Amino acid sequence: MMHIRLLTPELRRRLKKPIGELIRGSVEETVPKVKAILKGESPTMLITVGDQITKSMLEAGVKPDVMVVDGRIMRKPTEPLKTYGRTVLKARNPAGTISDEAWNAVWKAIRHGDCTVLVDGEEDLLTLVAVLAAPEGSIILYGQPNEGVVAVRATKEKKKEIQSIIDEMEKRKQNL
């Protein structure tokens, strides 16, 4: 028996909008902009959520401290990421949910650093967990489908906003 948090229809609508700064453009256009932000801000920690943004950063020579991936880009299977000797944590997380297993894996990865969380299911909502778990001053990157990349800065205010979203999620027990 696993506990999960489930998106309500209202939260699903709310989360269609970026929860951070939207950097518009294609992968080729956004990567240099993201690199400039990282250089200018020197975040405490860099966390990527999603296969496309993670691959793009690695190809650009930027090594995230924590990578959260599910082996899919736009719901289609993609080539597995090379984890380069990092610690790999695995967690199940059904689509549209945050499972306790995935929640714990993201927190552990961020505490440990130099980790990849490999999600069986969907990693999208784990951005919320990453923002809560990240040390202040960190940047969390995730893809905004067909628009670009979102950079979320882990501030006290942002953590409060994200905690209120998580508090609104429906809690359920589920057999996986």
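Residue under question is G96, and the condition is that it be closer than 20 Å to K16 by Cβ, touching a residue at least 12 places away in the same chain (Cβ under 8 Å), in contact with a Leu (Cβ under 7 Å, 6 or more places away or on another chain) and not polar (S, T, N, Q); does it hold? Criteria met by G96. The set of residues from the range 132-149 being touching a helix residue (DSSP H, G or I) at 6+ places or on another chain (Cβ under 9 Å) and outside any helix (DSSP H, G or I) comprises A134, P135, E136, G137, S138, I139, I140, L141, Y142, G143, G148, V149. Go through (1) free of Cβ contacts under 8 Å to residues at least 40 places away in the same chain; (2) in contact with a strand residue (DSSP E or B) (Cβ under 8 Å, 6 or more places away or on another chain); (3) of a type outside the set (S, T, N, Q) one by one and return the number of the condition V131 breaks. Condition (1) is where V131 drops out.
Restricting K108, K39, K63 to residues that are open to solvent by 30 Å² or more (accessible area, probe 1.4 Å), within 17 Å of A151 (Cβ to Cβ) and touching a Leu at 6+ places or on another chain (Cβ under 9 Å) narrows the list to K63.
When M74 is tested against the conditions (1) free of Cβ contacts under 8 Å to residues at least 24 places away in the same chain; (2) within 16 Å of G143 (Cα to Cα); (3) open to solvent by 100 Å² or more (accessible area, probe 1.4 Å), the lone failure is (1). Residues that are closer than 26 Å to W103 by Cβ and open to solvent by 20 Å² or more (accessible area, probe 1.4 Å) within the range 46-60 comprise Q52, K55, L58, listed in sequence order.
The values are calculated or read from the model by the stated rules, or taken from the named source; none is laboratory data. Just so you know, these numbers come straight off a predicted model, no measurement behind them. Ideal geometry is used to build each Cβ from the backbone, glycine not excepted, and the neighbour counts take in all protein chains shown. Areas reflect the complete protein model, heavy atoms only, side chains present, ligands, DNA and RNA absent. Shrake-Rupley method; radii C 1.70, N 1.55, O 1.52, S 1.80 Å.
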